[in-house]
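Engineer: If you scroll down you'll find the structure; I have some questions about it.
We did not get these values from a lab; they are worked out from the coordinates using the rules stated. As the structure is a prediction and not an experimental result, all values here were calculated from the model. Virtual Cβ from ideal backbone geometry, glycine too; neighbours counted across all protein chains shown.
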Amino acid sequence: LHKNETAKIKIYPKAENDLLMIVAQKEMRSVTLFDLSGKIILTENVEGLTHESKLPAGLNSVLILKVKFEDGTAFVEKRLYCNQQSQSSR
């Protein structure tokens, strides 16, 4: 596992429809979101260079995003995720 190795990856939140858009320069194999306790929030198998994940309703916390690539490497990043539903209910 190479944390944030030279895999050029971009992550775009799409708040208008609670999607997370991931764009990579090499083939992705899976996308997983964990909470800070290590509990899996979302896991999806992926094929290709781009992927959209639907964020769970009410999500408003710091999570760990892990993207695994076909070549066996991975990208790991901790960041704050908030979806539109959790923001509009305040």
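Engineer: Tally Lys and Arg at +1 and Asp and Glu at -1 over the other residues with C-beta under 12 Å from the C-beta of S61: what net charge comes out?
Structural biologist: +2
Engineer: While we're on this one: In a shell of Cβ-Cβ distance under 13 Å around E44, excluding E44 itself, what net charge do Lys and Arg (+1) and Asp and Glu (-1) give?
Structural biologist: Local charge sum for E44: +2.
Engineer: Shifting gears a bit: Beyond 12 Å, what percent of the Cα pairs of the range 14-65 remain?
Structural biologist: Values: 868 of 1326 pairs.
Across the range 14-65, Cα pairs with separations above 12 Å total 65 percent.
Engineer: Next question. Using a 10 Å cut-off on Cβ atoms, rank the peptides 35-48, 17-30 from the highest mean neighbour count down. Can you show the working numbers first?
Structural biologist: Details: 35-48: 11.5, 17-30: 16.0.
Listed from highest to lowest mean packing, they are 17-30, 35-48.
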